[in-house]
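A.B. asks: For reference, the structure I am asking about is given below.
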Amino acid sequence: MKKKILCMFVAAMSLAACGGGTETVTSDKEAALQQAVTPYVHNTVIATYKGMSDAGMTLLEQCEAILDKVEKDEDYAALMKDAGTSWRAMRKYWEQSEAFLYGPAASHNIDPHIDSWPLDFNAMNALLHDAERMAAIEEEGGAYVGDKLGYALKGFHAAEYLLFESEEKDGRAVGTGRPHAANLTHAEAVYLLGIVEDLTQQAILLEYCWAGEVSAAKMALLDEAEIEPYEDRYGDQMINAGKAGSIYVTYQEVVEEIIAGCVDIAGEVAELKMGNPYISSTPEERDYIESPYSCTSTIDFADNIRSIQHAYCGAQVGDHAISNYVYRQDADLDARVRKAIEDAITAIEQIEDFENTAQNNPTVKAAIDKVAELEEILDDEVLPLLSK
């Protein structure tokens, strides 16, 4: 895609040099698209990642307190409930970021690092009974979890399993959505703290990569773990498209990447997150439930579509967004995109008990179809319009 965009840009400049007037047209388009980029970077991306890392800091404090209570043999049921609430808050921000999984989330493997599933229960059980590795986690915390454990043993879903109750059913762990009983073993409490510390560190890295700065408390957490933050300044790369130091040649290239990110997550929601459990022809597909223990899968899916909504329409009232540009070019298309987004969210929110009823569920199929329609209109109509 970038090669194609570069060729278009060079062609436009060549025509302008011949006096064809293309330079004015291109500049007008670039100016219009530029208006959408700054609020997108600050109010959609950076604000979302800041909310996520803020929630992570709260969750980390709660998990530190849980371990302290476990070691003192004191009741911590209320803390488990609060930690579950903080996990959900952090999770919501993450799911509302999935339309922008390009950039740092992809280039630094942060997405698979924090959001791989399903868990490897056999490996987890072995870890919890390995005194040497548990001692290393207790000593090194998130640094050990992040560097030494595989994706199936860390991130959101490892923490989710320890924070929310599950029941044995047909040889598999089935979530209840209720806070886990306050009966964690010492090893489990140590492991939970290590997972959450690593998870929070990764959230801070995402905020830093886009914003170029974080609070002193967040930076201290990275320093303590001897994590050197990546100097991506990805937000500046987008805002300064066409200038020296930016990876983007034009603002057209920026907004095309934004919409391509929306297409990608719509496809993932329709085909994988909902599609695999709906088909469920194999055990792997049956267990491809995104948040099975907190029972928040449909909330996740709806928030994924809201991430598209924020990217296309703006996250805050009054934000200039890609929608504004599309509206000026094709008001009917803009209206259809907005409706497709709302229809997809509504269809997802009609699903009840996805974790246990996804297979061959007509309500799930209806939601899959609506998300697929949104993916199609973004890919087949919005992207071509932006490329003109």
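A.B. asks: Report Leu149's accessible area, 1.4 Å probe, all protein chains in place, as a number in Å² to the nearest 10.
C.D. replies: Accessible surface of Leu149 is approximately 10 Å².
A.B. asks: For segment 43-60, just list the computed ³J(HN,Hα) in residue order, Karplus coefficients 6.51, -1.76 and 1.60, θ = phi - 60°, integers in Hz, with x standing in for Gly and Pro.
C.D. replies: Once θ is set to phi - 60°, the couplings for segment 43-60 become 8, 9, 6, 5, 4, 5, 5, 5, x, 5, 6, 4, 5, x, 4, 5, 4, 4 Hz.
A.B. asks: Using Cα pairs closer than 8 Å and at least 6 residues apart in sequence, work out the relative contact order for segment 51-164, in percent.
C.D. replies: 28 percent
A.B. asks: Compute the long axis of helix 77-95 from its Cα atoms, compare it with the longest principal axis of the Cα atoms of the chain, and write down the angle in degrees, 0 to 90, nearest 10.
C.D. replies: So the helix axis and the longest Cα principal axis differ by about 20 degrees.
A.B. asks: Report the label-to-label distance for Glu226 and Thr38 in nanometres (one decimal), using points 7 Å from each Cα along the Cα→Cβ vector.
C.D. replies: 4.2 nm
A.B. asks: Cα centroids of segment 180-207 and segment 52-126: how far apart, whole angstrom?
C.D. replies: 6 Å
A.B. asks: If you don't mind, another one. Helix 251-268 against the longest principal axis of the chain: what's the angle in degrees, Cα atoms only, rounded to the nearest 10?
C.D. replies: Roughly 40 degrees, rounded to the nearest 10.
A.B. asks: Take Tyr151, Tyr234 and sort them by solvent-accessible surface of the protein heavy atoms, 1.4 Å probe, largest at the top.
C.D. replies: Per-residue accessible area, sorted high to low, gives Tyr151, Tyr234.
A.B. asks: Here's a follow-up. Tell me the accessible surface of His42 in square angstrom (1.4 angstrom probe, heavy atoms of protein chains only), to the nearest ten.
C.D. replies: The accessible area of His42 comes to roughly 90 Å².
A.B. asks: How much accessible area per residue does segment 61-177 have, counting only protein heavy atoms and a probe of 1.4 Å, in square angstrom?
C.D. replies: Heavy-atom SASA per residue in segment 61-177 reads 45 Å².
A.B. asks: Right, next: Classify segment 59-180 as rounded, prolate or oblate, taking a ≥ b ≥ c as the square roots of the eigenvalues of its Cα gyration tensor: rounded when a/c is under 1.5, otherwise prolate if a/b is larger than b/c and oblate if not. Write down the numbers at each step before the final one.
C.D. replies: Values: a/c = 1.36, a/b = 1.23, b/c = 1.11.
It is rounded, given that a/c, with a ≥ b ≥ c, falls under 1.5.
A.B. asks: At a 1.4 Å probe, what is the % contribution of carbon and sulfur to the accessible area of segment 248-301?
C.D. replies: Here carbon and sulfur together make up 55 percent of the probe-accessible area.
A.B. asks: Order Tyr144, Tyr161, Tyr327, most accessible first, counting only protein heavy atoms with a 1.4 angstrom probe.
C.D. replies: Details: Tyr144 25, Tyr161 60, Tyr327 130 Å².
The residues order as Tyr327, Tyr161, Tyr144, largest area first.
A.B. asks: List, in order, the whole-Hz ³J(HN,Hα) value for each residue of segment 372-380 obtained from phi through the Karplus relation with A = 6.51, B = -1.76, C = 1.60 and θ = phi - 60°; use x for Gly and Pro.
C.D. replies: Once θ is set to phi - 60°, the couplings for segment 372-380 become 5, 4, 5, 4, 5, 5, 5, 6, 8 Hz.
A.B. asks: Same structure again: Could you tell me which label, among (i) 66, 40, 37; (ii) 79, 50, 34; (iii) 59, 57, 36, carries the value of Cα extents along the principal axes in Å calculated for this structure?
C.D. replies: Calculated Cα extents along the principal axes in Å: the matching label is (ii).
A.B. asks: Can I ask one more? Would you pull out the residues with amide H under 5 Å of Val249's amide H, same chain only if 5 or more places away, H placed 1.01 Å from N?
C.D. replies: The list, which skips near neighbours in sequence, is Gly242.
A.B. asks: Can you bin segment 179-319 into rounded, prolate or oblate? Criterion: square roots of the alpha carbon gyration tensor eigenvalues sorted a ≥ b ≥ c, rounded for a/c under 1.5, prolate for a/b above b/c, oblate for the rest.
C.D. replies: Here segment 179-319 falls in the oblate category.
A.B. asks: If I build a Gaussian network model for the chain, linking alpha-carbon pairs within less than 10 angstrom, which residue out of Val337, Val45, Val214 has the largest mean-square fluctuation?
C.D. replies: Looking only at Val337, Val45, Val214, the largest GNM fluctuation is found for Val214.
A.B. asks: I've got another one for you. Hey, for a label at Asp147 modelled as a point 7 Å past Cα toward Cβ, could you say which residues of segment 209-225 have their backbone N under 11 Å away?
C.D. replies: Within reach of a label on Asp147, which here means backbone N under 11 Å from a point 7 Å along Cα→Cβ, segment 209-225 contributes 225.
A.B. asks: A follow-up question, please. Hey, can you grab everything whose amide H is under 5 Å from the amide H of Gly177? Only 5+ residues off in sequence or another chain; H modelled, so Pro and N-termini drop out.
C.D. replies: The answer is Glu165, Cys295.
A.B. asks: To the nearest 10 degrees, how steep is helix 131-140 against the longest Cα principal axis of the chain, on a 0 to 90 scale?
C.D. replies: The helix 131-140 is inclined about 50 degrees to the chain.
A.B. asks: Leaving ligands and nucleic acids out of the surface, order Lys339, Lys388, Lys29 by accessible area at 1.4 Å, largest first.
C.D. replies: Ranked list, largest accessible area first: Lys388, Lys339, Lys29.
The values are calculated or read from the model by the stated rules, or taken from the named source; none is laboratory data. Just so you know, these numbers come straight off a predicted model, no measurement behind them. Glycine gets a Cβ as well: all are built from the backbone with ideal geometry, and neighbour counts include every protein chain shown. These area figures cover heavy atoms from the full protein model, side chains too; ligands, DNA and RNA do not enter into them. Shrake-Rupley method; radii C 1.70, N 1.55, O 1.52, S 1.80 Å.
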